[in-house]
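Peer 1: I'd like to ask you about the structure that follows.
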Amino acid sequence: MSMEEFRARAREIVNDATLTFHQRRHYLAWLAENALEYPELSKEAAEALNKQIICDLFEGSAPYRARYILPDYARALHNGSTHLELDPPTDLDEALSFLLIMYTQVPSITGYPVYLGDFDKILAPYVDKVDDETLYRNLRLFWIALDRILPDAFVHTNLGPHDSRISRTIFRIERELLQVVPNISLKVDPEVTPDDLILDAVLTVIATGKPHFVNHPLMVRDLGEEYAAVSCYNSLKIGGGSHTLNRLNLKEVALLHQGDIDSFIEETLPHYVELNAELIEARIRYLVEEAKFFEHDFLAAEGLIQLDRFSAMYGIYGLAEAVDILMEGADKQGRYGHDDEANELSYEITRKVADLVASRPMPYCAGNNGRAFLHSQSGIDSDLEVTAGTRIPIGEEPEMFAHIKAVAPHHDLFQAGVSDIFHVEDTVRRNPSAMVDIIRGAFVEGMRDFTFNLATNGFIRITGYLVRKCDVEQFDEMGARHGSTTFAAGSVKNSHVTDRNVKRVLSRESSPRAPQ
Amino acid sequence: MKAAQGHLNDVIRFSAVDGPGNRFVVFLQGCNYNCIACHNPYTINECDSCGQCVEPCPEMALFYDGHNQVTVDDDLCTNCDICIQVCPTDSTPLSKMVRLENLVRQIDEVSPFLSGITVSGGEPTLQADFVASLFCSIKCSDKLSRLTTFVDSNGSASREVWDRLLPVMDGAMIDLKALDPDTHVAMTGEHNGPVLDTIRYLAEWQRLYEVRLLMVPGRNDSPAVVERTARWLYDVDPSMRIKLIGFRRHGVRPQFADIPEVDPAHLEELAKIVRSVGIKDLVLV
């Protein structure tokens, strides 16, 4: 970028009336970072990046903080913080105040924390002597503060799998406030989580589009007990996180491929899988060795994150198009999501990618035995004519049972999360226990993450995060207080997400670049 | 008596509107009523293979088999429903005999997602032997016995029929088209004596999951009639669950298309009346 171009773009950001002060500052920092040289890549990887066959999600040219950071808030509350000059809290008021302060100091790719802690666990030591009404009032004020202080839909908390007074109170507050922030995942363990808590969560989805549901036993198998789903659909280790997330566009790989399906699986695919791995490695090395994030950040110094609980996320997307292109190339009619042979091919592709990623050593990834985590990446606002992750294209989804059967076999492979959104009819408002049945069934079927939404609440689910419909409609004229709304306005226009009859907020993870 | 096969119209694997929780719904072919407000009139009669649908089928999926029966080629059928629209006898060439074990296998496949199954129609009690056999199979299976078994019925079956189902049936949803006998005849072609008897009998056995009152404007929706109906139901069982449904034109035959739909505000008024007699468990649709 020439100095002249740099100045012109900086000027555009400074003068963009649809951005708040904080949003302008964020994009100015992004612009400055991208004026620096990219970490060194081979010519082939650089070209693939340039052509967006592999994609760094516009994380920036010189990574100086890890993409996703999951501080061990329980430890912070227990020990207090020297850096923040805070003693360990002794009651609920002090704990909530401690957390609000700490959130302002937790970095991530979006500039906001993507993980707030599992509130039912980290607040448990402080609520025994608090009556229901006081708990409700304090959490309600805290909840409003979160939405106003951290206006980004990728700010995420987890609840469950055990029932608790804290979770029940939070669901009640969610249904009253109808806020975008924070996003929520409920951990569901079929043996432990009562139907009645899942039902309470379903009623909350009906009102607000939150929470997501995650298959707790499957997550524990892959990540251990201390894990959380953050941002949206990114499951990682607490006290750790992910250095970076780079993704491979399977549609582009299929378009470039010449030859039969076997040579795609055995030659073309492994070639591009390695180029994305090279990109991930270069970015990790820069973050750890050059920017030395883990040597200076107070979270690391105070043991609230540990490098050996980190890994990186290896993302894929555009599986649906890749399968359809390969099927057509073999003169076959079947399409992904609708045809057994096409579905089998899709499983063959994801298994192959999983095998390659699991056998490719990655530096500073002790959090997953020296390998990257596989992730089904759910898209950013600029994605055009390519389907998120391993989803079935919007508008082509078969009826729900066939849909679940088609996508569930992928879920086992994606330790770091996989998203399939199910649009359900309004009739479940009168019979919400039907959704409890379906969630339980989906986990029996092997799904890792389950998200459903209704057409008739005031939210649009974009790639996994939420925006308010009214915010998207007003965005063009007035700008948005939430970072994710800007992103969503682009996503709604580009990918017809409203065709799915769903839901609006600036979501920096998904709209990572400065507006142009 | 065991019945190895039933006359099936269709199944829905996931339904949130046919009883508690998520349910697998079996629609059986054939009904003994001829309701003016019927939303799926093609389930009323057996196909007589008159063949009037064969020519109009745009996919050429319908043909006469070796026994002079109109038959469908499932691979060609796109479910465009033109055959149903042209059918002169309120039937469909797409219904078929289904073997019990085949149906149980389909239920087994989706069972982790279900609270239970509901047999609807048509009028399922006309095939009570098959329904009893199906419910028996569910209740006798280690894997499936947790599923609840429900019947969605017009209530015309006799006590003998219900006695056959009761040992294996967890609940029934009964339509009461009208409390007044003449209105009932005008709306369904049949007397309502058996329906009232069914409601009392199932309530006594604690198998009456809900009574459905379809409100058809100008026919059965006057406040006085609704109050009398609600009072009668309250006297049978004060804890009764009642579903008050506003008539919608969707699927109704052309000759009844002039019946107006229910104004939502009017439905709310009727709901107040139902509650005023003491009914607590009321659902509005």
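The values are calculated or read from the model by the stated rules, or taken from the named source; none is laboratory data. Worth saying up front: this structure is predicted, and the values here are computed from it rather than measured. Ideal geometry is used to build each Cβ from the backbone, glycine not excepted, and the neighbour counts take in all protein chains shown.
Peer 1: In region A:422-456, which residue that is hydrophobic (A, V, I, L, M, F, W, C) and farther than 22 Å from A:PRO161 by Cβ is farthest from the other protein chains (Cβ to nearest Cβ)?
Peer 2: Here is the first cut: in region A:422-456, the ones hydrophobic (A, V, I, L, M, F, W, C) are A:422, A:424, A:428, A:434-436, A:438-439, A:442-444, A:447, A:450, A:452, A:454-455.
Then keep just the ones that are farther than 22 Å from A:PRO161 by Cβ; that gives A:424, A:428, A:454-455.
Details: A:VAL424: 8, A:VAL428: 5, A:LEU454: 12, A:ALA455: 14 Å.
The selected residue is A:ALA455.
Peer 1: Working only within region A:35-57, note down all residues that are surrounded by fewer than 18 Cβ atoms within 10 Å (Cβ to Cβ) and not in a helix (DSSP H, G or I).
Peer 2: A:ALA35, A:LEU36, A:GLU37, A:TYR38, A:GLU40, A:SER42, A:LYS51, A:GLN52
Peer 1: Might you let me know whether region A:24-47 holds any residue that is modelled with pLDDT of 95 or more and over 27 Å from A:GLU289 (Cβ atoms)?
Peer 2: No, the conditions are met nowhere in region A:24-47.
Peer 1: When you go through (1) part of a loop (DSSP other than H, G, I, E, B); (2) buried (at least 17 other Cβ atoms within 10 Å of the Cβ); (3) at pLDDT 95 or above one by one for B:ARG219, which number turns out not to apply?
Peer 2: With (1) part of a loop (DSSP other than H, G, I, E, B); (2) buried (at least 17 other Cβ atoms within 10 Å of the Cβ); (3) at pLDDT 95 or above applied to B:ARG219, the lone miss is (3).
Peer 1: Condition first: closer than 28 Å to B:GLU261 by Cβ, among the small types (Gly, Ala, Ser) and either part of a loop (DSSP other than H, G, I, E, B) or away from chain A (no Cβ under 14 Å) (or both). Can you find one or more residues in region B:12-28 that meet it?
Peer 2: Looking for residues that are closer than 28 Å to B:GLU261 by Cβ, among the small types (Gly, Ala, Ser) and either part of a loop (DSSP other than H, G, I, E, B) or away from chain A (no Cβ under 14 Å) (or both), one finds at least one in region B:12-28, hence yes.
Peer 1: Can you give me the number of residues within region A:71-108 that are farther than 17 Å from A:ILE238 by Cα and surrounded by 16 or more Cβ atoms within 10 Å (Cβ to Cβ)?
Peer 2: Here the count works out to 7.
Peer 1: What number of residues in region A:398-426 are under 21 Å from A:THR456 (Cα atoms), part of a helix (DSSP H, G or I) and at pLDDT 90 or above?
Peer 2: 1
Peer 1: Let me ask something else about it. Only one of (1) part of a loop (DSSP other than H, G, I, E, B); (2) loosely packed, with under 13 Cβ neighbours inside 10 Å is not met by B:CYS53, so which one is it?
Peer 2: Result: B:CYS53 passes all but (2).
Peer 1: For region B:227-285: of the residues being more than 21 Å from B:ILE36 (Cα to Cα) and of a type in the set (Gly, Ala, Ser), which is surrounded by the most Cβ atoms within 10 Å (Cβ to Cβ)?
Peer 2: Once the filter is applied, the top-ranked residue is B:ALA230.
Peer 1: Inside region B:104-115, can you point out the residues that are under 15 Å from B:CYS140 (Cα atoms) and more than 9 Å from chain A (Cβ to nearest Cβ)?
Peer 2: Just the residues of region B:104-115 that are under 15 Å from B:CYS140 (Cα atoms), to begin with: B:104-105, B:107-108, B:111.
Once the filter is applied, which keeps residues that are under 15 Å from B:CYS140 (Cα atoms) and more than 9 Å from chain A (Cβ to nearest Cβ), region B:104-115 yields B:VAL104, B:ARG105, B:ILE107, B:ASP108.
Results for (1) over 16 Å from the mean Cα position of the chain (by Cα); (2) modelled with pLDDT of 95 or more; (3) among the basic types (Lys, Arg); (4) outside the structural domain of B:MET169 (by TED's automatic domain parsing), shown as yes or no for each residue.
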position	(1), (2), (3), (4)
B:VAL104	yes, yes, no, no
B:ASP108	yes, yes, no, no
B:GLY122	no, no, no, no
B:THR125	no, yes, no, no
B:VAL131	no, yes, no, no
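Peer 1: Another question, then. Looking for something part of a loop (DSSP other than H, G, I, E, B), farther than 27 Å from A:ALA229 by Cα and under 25 Å from the mean Cα position of the chain (by Cα) - is there at least one such residue anywhere in region A:19-30?
Peer 2: To start, the set of residues in region A:19-30 that are part of a loop (DSSP other than H, G, I, E, B) comprises A:19-20.
When the remaining residues are screened for being farther than 27 Å from A:ALA229 by Cα, the result is A:19-20.
Checking the rest, the ones that are also under 25 Å from the mean Cα position of the chain (by Cα) come to A:19-20.
There is at least one residue in region A:19-30 that is part of a loop (DSSP other than H, G, I, E, B), farther than 27 Å from A:ALA229 by Cα and under 25 Å from the mean Cα position of the chain (by Cα).
Peer 1: Of the conditions (1) at pLDDT below 95; (2) farther than 30 Å from B:VAL104 by Cβ, B:GLY251 clears all except one; give me its number.
Peer 2: It fails just one condition, (2).
Peer 1: Residues in region A:359-366: is at least one within 26 Å of A:GLU281 (Cα to Cα), among the aromatic types (Phe, Trp, Tyr), under 16 Å from the mean Cα position of the chain (by Cα) and in the same structural domain as A:ILE261 (by TED's automatic domain parsing)? Reasoning before the result, please.
Peer 2: Quick first cut of region A:359-366, residues within 26 Å of A:GLU281 (Cα to Cα) only: A:359-366.
So of that shortlist, the ones also among the aromatic types (Phe, Trp, Tyr) come out as A:364.
Going one step further and asking which of them are under 16 Å from the mean Cα position of the chain (by Cα), we end up with none.
No, that holds for no residue.
Peer 1: Of the residues that make up region A:185-198, is at least one under 16 Å from A:LEU159 (Cβ atoms), among the polar types (S, T, N, Q), crowded, with 24+ Cβ neighbours inside 10 Å and in contact with a helix residue (DSSP H, G or I) (Cβ under 7 Å, 6 or more places away or on another chain)?
Peer 2: Within region A:185-198, not a single residue is under 16 Å from A:LEU159 (Cβ atoms), among the polar types (S, T, N, Q), crowded, with 24+ Cβ neighbours inside 10 Å and in contact with a helix residue (DSSP H, G or I) (Cβ under 7 Å, 6 or more places away or on another chain).
Peer 1: Among the helices (runs of 4 or more DSSP H) contained in region A:255-372, which hold 1 or more residues that are among the aromatic types (Phe, Trp, Tyr)? If you could, list the steps in order and put the result at the bottom.
Peer 2: Working: elements: A:269-285, A:293-296, A:298-301, A:319-329, A:340-358.
Correct list: A:269-285, A:293-296, A:298-301, A:340-358.
Peer 1: While we're looking at this one, here's another question. Picking from A:ILE184, A:ILE144, A:ILE166, A:ILE173, which residue would you name as being assigned to a helix (DSSP H, G or I), in contact with an Asp or Glu (Cβ under 8 Å, 6 or more places away or on another chain) and of a type in the set (A, V, I, L, M)?
Peer 2: Working: A:ILE184 fails: assigned to a helix (DSSP H, G or I); A:ILE144 fails: in contact with an Asp or Glu (Cβ under 8 Å, 6 or more places away or on another chain); A:ILE173 fails: in contact with an Asp or Glu (Cβ under 8 Å, 6 or more places away or on another chain).
Exactly one residue qualifies, and that residue is A:ILE166.
Peer 1: Please work out if A:LEU135 is touching a Ser or Thr at 6+ places or on another chain (Cβ under 7 Å), in a loop (DSSP other than H, G, I, E, B) and assigned by TED's automatic domain parsing to the domain that holds A:PRO211. Please lay out each step first, then the result.
Peer 2: Numbers: touching a Ser or Thr at 6+ places or on another chain (Cβ under 7 Å): yes; in a loop (DSSP other than H, G, I, E, B): no; assigned by TED's automatic domain parsing to the domain that holds A:PRO211: yes.
No.
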